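Below: the structure, in structure tokens.
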Amino acid sequence: MARKRCNSCQGEYDDVGADGLLYFHSCPPVTRVRVTRDGQAQTVDVADVRPTDSVRVQRAGRAVDVVVSELQPDDVRLGDGTGERPDRRDENAALLGGEEEADARGREGRRRIKAIGRGATVVRS
Amino acid sequence: MPPTADELLRLLPQLTPHGVYVTGDDFLLITSINTVASVRLALGGRMVGATGRPHHFADSHVATADRVAATSVMRLGEGWLQEITLGVTGATPQFGQTFARVDLVRGDGPGRTAHGTLIQGPLTAVQRRAWPGSPLEFTLGLPGAIRSLTGTDPAAGAEISETVPTGARWRFISLRVSFTTDATVANRTPALAFDDGTNVFAQAAPNVNQAAGATFVHHYLAVGVNHAQTSLSAQTSTPPNLILPAGFRLRTITGALQVGDNFAAPQYLVEEWLEG
């Protein structure tokens, strides 16, 4: 059993579960936020939202544009979406296509998986 | 060479009623799908040759552990196949975690043709399958294996996402996860969504708002109604008896998610069947 960190999404996981079965990581989608920045409407990853951006929120029953640094607790941010990462990793077995990588859990030390992404790093073996 | 009429008459009392005449072009083809590491299948059997003398045979098959089908063949020679038995060695899978089929085929390689299925069903280290005797069974017609899984611990600002593995089918039972919000002023609502790999078809949203700088433990399970928040715990009802094929996902969609918000690794319970 090894503890791994996905180099695409930085998620950590054990490659063999406590029940002894293999675990196959797949990256989560990225949350995308609709903002207005420098007068331009655009969609950015949640990690890239700036305090000076404006977002549309539901406040007191009305949709209003508010600067991120001035948001109130009961504001409901509108227009959020999700998107797949371009470097998404998916360790589930590929029955068709996919990519082959070295994996001690596979036959002859290799497995064909759906997407290698940026690979994974062993954090603790 | 096929037996003569005299040989057949002499041997008939010794042969089982289900005995099958096979030649050197006949093979046993073992196909397995399996989820447990180190599983090997032990095949044993008996044949009666043209002279009427029985001889025993044995073979071993190595299964994969990622639910991808593995195959192996064993040449039979000429005679009457009397019985075979198949069991698990090397590991102790739960019922439903190892599944195998033994076919009688003619020829080897891509051009082979199957002309009989002798064994089909789940196996454990204790529960074997035999021909003649065992019924042919299907992966989805029997109870699945109950699994408690620890999912990926996502990075800060990322949602939870767990995918039904290739070759599996899940029935979702429950999920528990700790969620910590950063100092950004906003009320978060972590819903649990189910999608087909792309499109969400069901979503269970809590009726509690999690404010900044708080750690709540969220529970998602089919209890019929969302329960009011108690202390720092929330219970949200999910659709009952939710069946998820391979490639489907269960994931959180959190309203007002912030870059510093952090989910811990989810712990979830499913019933799992092999699907092949």
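What follows draws every value from the coordinates through simple rules; no lab data is involved. The structure presented is a predicted model; accordingly, all values stated were derived computationally and were not measured. Using ideal geometry, Cβ is built from the backbone for each residue, glycine included, and neighbour counts are taken over all protein chains shown.
Using just the helices of chain B, give the 222 nm mean residue ellipticity in deg cm²/dmol: DSSP H runs with n ≥ 4 each add -39,500 (n - 2.57), and the total is spread over all residues, rounded to 500. Before the final figure, lay out the partial values.
Numbers: 1 runs with 7 residues, N = 276.
It lands at -500 deg cm²/dmol.
Let's see if you can work this out: charge +1 on each Lys and Arg Cβ, -1 on each Asp and Glu Cβ, no other charges. What is the dipole magnitude of the stretch B:1-133 about its Cα centre, in debye to the nearest 20? Before the final figure, lay out the partial values.
Details: 11 positive and 10 negative charges, 68 e Å.
Charge dipole, the stretch B:1-133, about its Cα centre: 320 debye, nearest 20.
Zone of B:Thr215 (label point 7 Å along Cα→Cβ, backbone N under 18 Å): which residues in the stretch A:12-47? Output list for this probe position: A:12. Taking A:Ser69, A:Ser26, A:Ser54 in turn, the Gaussian network model of chain A (Cα-Cα springs below 10 Å) assigns the largest fluctuation to A:Ser69. For chain A, the spread of Cα positions along the three principal axes, ordered from largest to smallest, is 60, 30, 23 Å.
Approximating the spin labels as points 7 Å out from Cα along Cα→Cβ, the A:Ala102-to-A:Val76 distance works out to 5.2 nm.
How well do other chains shield peptide A:9-18, expressed as the mean number of their Cβ atoms within 10 Å of each residue Cβ?
Whole-number average of other-chain Cβ neighbours for A:9-18 is 5.
When peptides B:171-181, B:105-115 are ranked by their average number of other Cβ atoms within 10 Å per residue, the highest-first order is B:171-181, B:105-115. Neighbouring Cβ atoms from other chains, within 10 Å of the Cβ of residues in A:48-55, number 1 on average. As a size descriptor, the averaged projected area of the C-alpha convex hull of chain B was calculated at 17.8 nm².
Restricting the GluC sites (Glu not before Pro) of the stretch A:10-88 to loop positions (DSSP other than H, G, I, E, B) with no more than 16 neighbouring Cβ atoms within 10 Å leaves A:Glu84. Counting Cβ atoms of other protein chains within 10 Å of each Cβ in A:28-39 and taking the mean gives 3.
With r as the distance between the Cβ atoms of B:Leu142 and B:Arg106 and R0 = 35 Å, compute the FRET efficiency 1/(1 + (r/R0)^6) and round to 0.05. Don't skip to the end; give the middle numbers.
Numbers: r = 30 Å, r/R0 = 0.87.
Rounded to the nearest 0.05, the efficiency is 0.70.
Restriction of the trypsin sites (Lys or Arg not before Pro) in the stretch A:46-125 to DSSP coil positions whose beta-carbon has at most 16 other beta-carbons within 10 angstrom yields A:Arg118. The label point for A:Asp19 and the one for B:Ser233, both projected 7 Å from the Cα toward the Cβ, are 2.3 nm apart. Within the protein assembly as shown, A:Cys6 have no other Cys Cβ under 4.7 Å of their Cβ and so lack a disulfide-compatible partner by this rule.
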